[in-house]
Amino acid sequence: NYPSQGVAGYVGSIVTGQDNLNLQPVLGALHAAIGYNADGDGYCVGDCNNDGAAGQGDGTTYDGDDDGLVGINSQQMGYRLKYTKDDWTCRWYGCWDPLDRITQVSSTGYVSDLNNPSSTQMTSHDGKMGQDHLDVISLGPDTLDEEELYAGLFDFIHQPAGGAPSQATVASPAHSDASPSVDTAGPGAGESIDPRLIQIADALRSKHAAHIHRADRQIQLLNHLMALLQEMYPQGWREAMLTVLQLAFPEWADRLMARLQDWLDYQRWLEDVFSTMTFTDAEQRYQTLWDKRLALFGDDARVIWAAELRQRAFAEAVQTLDQQPGDVTSKAERYVELIRETWGDTAFGNHGRNTTQLMGDFVKLESVQAQLRQMDPGQQQTVLNQFRRDMGLDDEAIDRWQSLDEERREHRAIGETYMSSRAAILEQMDGQAAEQAIH
């Protein structure tokens, strides 16, 4: 049991789930070798399918309701947390936030009895991260930037005035529903100001003062501040926000509140109007989206969504590269040039901008895969090592990747041998005899 008090200041967990086609190769080989498939977003009381974990499967092992080892209904303790990646990937229609972040999922509540989650907690996919158990501990290859994930966790823990609310705060309805001790007219109107708001204002001024004129920084500040104040003051967060902005940026407060309203209008339009519209193609949908952004934010829209525009231009250039003639080496050189043109040299190296994901995206290109399949393992390794070196990885990192490549080939060979042997047995036997021979 993990009750709301007496264990830790805050208890939370991130749920992972991935369809079997994307599992880490080690897990894929394990499944092929022993015939194991996790399955877990079905509800029941207790352990109903004798797998040692609460809940049961829904009968489908390929629907992303597990992470290869554990079902999503068996990964929870405390509050469920959601990991939102940066910029382009945070939502399908784009995102302004340049930082990865962790937020608390509001729909699933608190899991105190680990073996008896509620029906909603067992079956909900809210906040699920599309990775498996091994991805989040840096055992690649994967699409996860582990350093960004843990940076988001540190930021969540360190948020001022309880970005991750304490158990005492959450467990006490009287506290969580209380209105802030501020006046709607802002500070100086005659009532005392909640000391926590002063603390938040000081932190925001220190972090954002030098860039408060930038539209993207304004949206970042407003969104984070809104989430924090809605948690602290569900009934009075707007008044609290005005107070904080007047304390932190008195000359910008009115303009920031107007920008907040534009942002809320945009979010409401996305949910109520845009989501119900039909389009002839993706380009028309994208143009409609940008027409609305420009109408609300003017030229600032290109600043707010600058990362999305860069990512879109990069994706289009990579698609063109994939379709052009050329060998893997020349394509790799051009790919590195495109990264540098898009993000600069900060994208490269062992700690670069999503280096693992960028490398994986290149290797997955159809033209690259077609050529790699024609090479023997030694040629493949030479090409991959050079590409990784061009991506800024040092010799130690390249050696680790090479060891992983060799392990993947070994596991793949084991899986292929098992599957061919299994197929041969099934051709010769059936029923219980086949099952005994296989296992």
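The values are calculated or read from the model by the stated rules, or taken from the named source; none is laboratory data. Keep in mind that this is a model prediction, so the values were computed, not measured. With ideal geometry, Cβ positions are generated from the backbone for all residues, glycine too; neighbour counts draw on all protein chains shown. Note: areas computed on protein heavy atoms with side chains; ligands, DNA, RNA excluded. Shrake-Rupley method; radii C 1.70, N 1.55, O 1.52, S 1.80 Å.
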What residues have an amide H closer than 5 Å to that of GLY12, excluding those fewer than 5 places away on the same chain, when H is modeled at 1.01 Å from N in the peptide plane?
-> TYR79
Please say if region 373-435 is rounded, prolate or oblate, where rounded means a/c under 1.5 for a ≥ b ≥ c the square roots of the C-alpha gyration tensor eigenvalues, and otherwise the choice is prolate for a/b larger than b/c and oblate otherwise?
-> prolate
Hz values of 3J(HN,Hα) by residue in region 369-377 - Karplus curve (6.51, -1.76, 1.60), Gly and Pro given as x | 4, 4, 6, 5, 5, 7, 9, 7, x
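May I ask you to give the solvent-accessible area per residue for region 278-425, in square angstrom, as obtained with a 1.4 angstrom probe? Write out the running numbers ahead of the final one.
Numbers: 8320 Å² over 148 residues.
Per-residue accessible area for region 278-425 comes out at 56 Å².
Leaving ligands, DNA and RNA out of it, report the carbon-plus-sulfur percent of the accessible area of region 305-439 at a 1.4 Å probe. Let's see the in-between values first.
Details: 3790 of 7950 Å².
Ligands and nucleic acids excluded, carbon and sulfur give 48 percent.
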Decide, for region 209-268, between rounded, prolate and oblate: order the square roots of the alpha carbon gyration tensor eigenvalues as a ≥ b ≥ c, take rounded if a/c falls under 1.5, and otherwise choose prolate if a/b is larger than b/c, else oblate.
-> oblate
Round to a whole angstrom and tell me the spacing of the C-alpha centers of region 290-318 and region 194-235.
-> 24 Å
Amide H contacts under 5 Å for MET129, restricted to residues at least 5 apart in sequence or on another chain and with H modeled in the peptide plane, are VAL15, THR16, GLY17
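Just in region 330-439: which GluC sites (Glu not before Pro) are loop by DSSP and have at most 16 other Cβ atoms within 10 Å? List each step's numbers first, then the result.
Details: sites: GLU333, GLU337, GLU341, GLU366, GLU396, GLU406, GLU407, GLU410, GLU416, GLU427, GLU435; in loops: none.
Answer in residue order: no site qualifies.
Please sort by residue number the GluC sites (Glu not before Pro) in region 224-269 whose DSSP state is loop and whose Cβ has at most 15 other Cβ atoms within 10 Å. List each step's numbers first, then the result.
On the way: sites: GLU231, GLU239, GLU251; in loops: GLU251.
Here the GluC sites (Glu not before Pro) that fit, given the DSSP loop and packing criteria, are GLU251.
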List, in order, the whole-Hz ³J(HN,Hα) value for each residue of region 146-155 obtained from phi through the Karplus relation with A = 6.51, B = -1.76, C = 1.60 and θ = phi - 60°; use x for Gly and Pro.
-> 4, 5, 5, 4, 6, 5, x, 5, 4, 5
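Starting from 0.36 nm per residue, how many nanometres of slack lie between ASP281 and TYR418 once their C-alpha separation is accounted for? Write out the running numbers ahead of the final one.
On the way: separation 137, 0.36 × 137 = 49.32 nm, distance 4.41 nm.
Going from the current span to full extension adds 44.9 nm.
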